[in-house]
Amino acid sequence: SGQGRINAIAVDPNNSNTYYVGAPAGGIWKSTDAGVNWQPLTDNLPQIGVSGIAISPSDSNTIYIATGDDDANDSPSIGVMKSIDGGATWNTTGAMTGGVPNSMNEIYIDPNNNNTVLVATSNGVFKTVDGGTNWVQKLNATILDLKMKPGDASTWYAVSDTKFYRSTDSGETFAEVAIP
């Protein structure tokens with residue numbers, strides 16, 4: 001009793017003792033001592049479900065969270081939120097085409113450009129190239145997972161409940177891949 005579940009885990013790429021976890025209705029939590037102690041970072045936000053966490057590879061103070069619960073829909077999404085002070089404060093990012101998706105899950109910062117972020121949502125894959133000011137839908141499908149090819153920010157993979165997609169142009173376009 002009293003235990004929650006975790007939707008996302010992220011380790012600071014610049015400090016292996018700093019961890020973040022996101023809970024479906026419990027917000028984002030931060031540990032700076034390798035998980036011994038934790039502090040909540042989102043208690044004052046209008047919604048505290050977190051299903052995706054992305055930390056800038058070149059600036060640990062820049063963090064994006066995909067809000068809501070992507071598993072059981074215990075909390076709705078309110079869009080992507082961004083912190084530029086290591087999670088001390090959070091701001092909403094720009095609107096997404098067609099309104100806020102019902103749910104979000106994976107979110108990634110392009111390792112070659114901190115202003116480029118991709119997020120998987122119930123309305124598709126969205127991309128920003130200006131740090132979250134503007135989001136453009138790059139794939140229109142209910143996306144359950146999104147991954148970048150390790151070491152290759154030009155190749156991305158996305159899956160819906162029935163289809164597999166690939167982008168070879170840094171997430172600008174996605175094409176369905178036939179799986180035999």
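Note down all Cβ pairs under 7 Å where the first residue falls in region 166-180 and is closer than 18 Å to Phe126 by Cβ and aromatic (Phe, Trp, Tyr), the second is open to solvent by less than 60 Å² (accessible area, probe 1.4 Å) and in a strand (DSSP E or B), and they're at least six residues apart or on different chains.
Sorted first by the residue in region 166-180, then by its partner, the pairs are Phe174/Val125; Phe174/Lys138; Phe174/Leu139; Phe174/Ala158; Phe174/Tyr165; Phe174/Ser167.
Considering only region 135-149, state which residues are open to solvent by 50 Å² or more (accessible area, probe 1.4 Å), in contact (Cβ under 8 Å) with a residue 40 or more places away in the chain and closer than 15 Å to Val100 by Cβ.
Gln137
Regarding region 35-45, can at least one residue be identified that is outside any loop (DSSP other than H, G, I, E, B), at negative phi and touching a residue at least 24 places away in the same chain (Cβ under 8 Å)?
no
Go through (1) open to solvent by less than 40 Å² (accessible area, probe 1.4 Å); (2) in a loop (DSSP other than H, G, I, E, B); (3) under 22 Å from Asn112 (Cα atoms) and name the single condition Ala10 misses.
So Ala10 meets the others, but not (2).
For region 98-113, give me each residue that is open to solvent by 60 Å² or more (accessible area, probe 1.4 Å) and either touching a His at 6+ places or on another chain (Cβ under 9 Å) or within 19 Å of Ile78 (Cα to Cα) (or both).
Gly98, Val100, Asn102
Can you work out which of the residues in region 22-55 that are in contact with an Asp or Glu (Cβ under 6 Å, 6 or more places away or on another chain) and of a type in the set (A, V, I, L, M, F, W, C) is farthest from Glu106 (Cα to Cα)?
Per the criteria, the residue is Ala25.
Take the residues in region 56-86 that are in a loop (DSSP other than H, G, I, E, B) and under 13 Å from Ile109 (Cβ atoms); name whichever of them is most open to solvent (accessible area, probe 1.4 Å).
The selected residue is Ile84.
Looking at region 107-134, which of the residues that are in contact with an Asp or Glu (Cβ under 7 Å, 6 or more places away or on another chain) and either modelled with pLDDT under 95 or not in a strand (DSSP E or B) (or both) is nearest to Glu172 (Cα to Cα)?
Taking the candidates together, the pick is Thr116.
In region 70-93, which residues are closer than 16 Å to Val125 by Cβ, at pLDDT 95 or above and not polar (S, T, N, Q)?
Scanning region 70-93 gives a single hit, Val80.
Residues in region 30-39: is at least one more than 14 Å from Trp90 (Cα to Cα), over 18 Å from the mean Cα position of the chain (by Cα), open to solvent by less than 10 Å² (accessible area, probe 1.4 Å) and not charged (D, E, K, R)?
Yes: region 30-39 contains one or more residues that are more than 14 Å from Trp90 (Cα to Cα), over 18 Å from the mean Cα position of the chain (by Cα), open to solvent by less than 10 Å² (accessible area, probe 1.4 Å) and not charged (D, E, K, R).
Looking at (1) open to solvent by 50 Å² or more (accessible area, probe 1.4 Å); (2) in contact with a Phe, Trp or Tyr (Cβ under 8 Å, 6 or more places away or on another chain); (3) closer than 30 Å to Ser167 by Cα; (4) not in a loop (DSSP other than H, G, I, E, B), which is the only condition Ala95 fails?
(4)
The values are calculated or read from the model by the stated rules, or taken from the named source; none is laboratory data. Because the structure is a prediction, the values reported are computed rather than measured. Using ideal geometry, Cβ is built from the backbone for each residue, glycine included, and neighbour counts are taken over all protein chains shown. In case anyone asks, the SASA skips ligands and DNA or RNA and just uses the protein heavy atoms, side chains included. Shrake-Rupley method; radii C 1.70, N 1.55, O 1.52, S 1.80 Å.
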